[in-house]
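Q: Quick one: structure below, then a few questions.
A short reminder: the numbers here are calculations on the coordinates, not readings from a lab. What you see is a predicted model; the values in this text were computed from it and never measured. Positions of Cβ are generated from backbone atoms using ideal geometry, with glycine treated the same way; all protein chains shown enter the neighbour counts.
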Amino acid sequence: MGYNYEDETDFSDSEFTKYAKKPYEDLKAGKYKVNVNGRLRCPFCPRKKKQDYKLEHLLQHASGVSKPSPNKSAKQKTIHHALAKIFEE
Ligand SMILES: [Zn+2]
């Protein structure tokens, strides 16, 4: 068992597995449309008005939502963390 000191998020691996594993795998499989005609959008925030991100903005959005906040659900945070992970790979 190893510890990952680089992980600064406040959710555990089990939360990630519970909430984000499936969306993460679906993202990797291309089931979520992130890039539409060269425009990036967040597949987890369909009701957001602005869906025309540059890569850096989408990353900012994803890492912003994955930060700890009492107003956001664990699911919202973890799936956005998954989204950020996709682009880090
Ligand atoms: Zn989003």
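Q: Within 12 Å, Cβ to Cβ, of Glu25, how many net charges do the neighbouring residues add up to if Lys/Arg are +1 and Asp/Glu are -1? Walk me through the numbers on the way to the answer.
A: Details: positive: Lys21, Lys22, Lys28, Lys31, Lys85; negative: Asp26.
Residues near Glu25 contribute +4 overall.
Q: To continue, here is another question. Evaluate 2.2 N^0.38 Å with N set to the residue count of region 20-88, then give the Cα radius of gyration divided by it.
A: Here the Cα radius of gyration is 1.02 times the empirical estimate.
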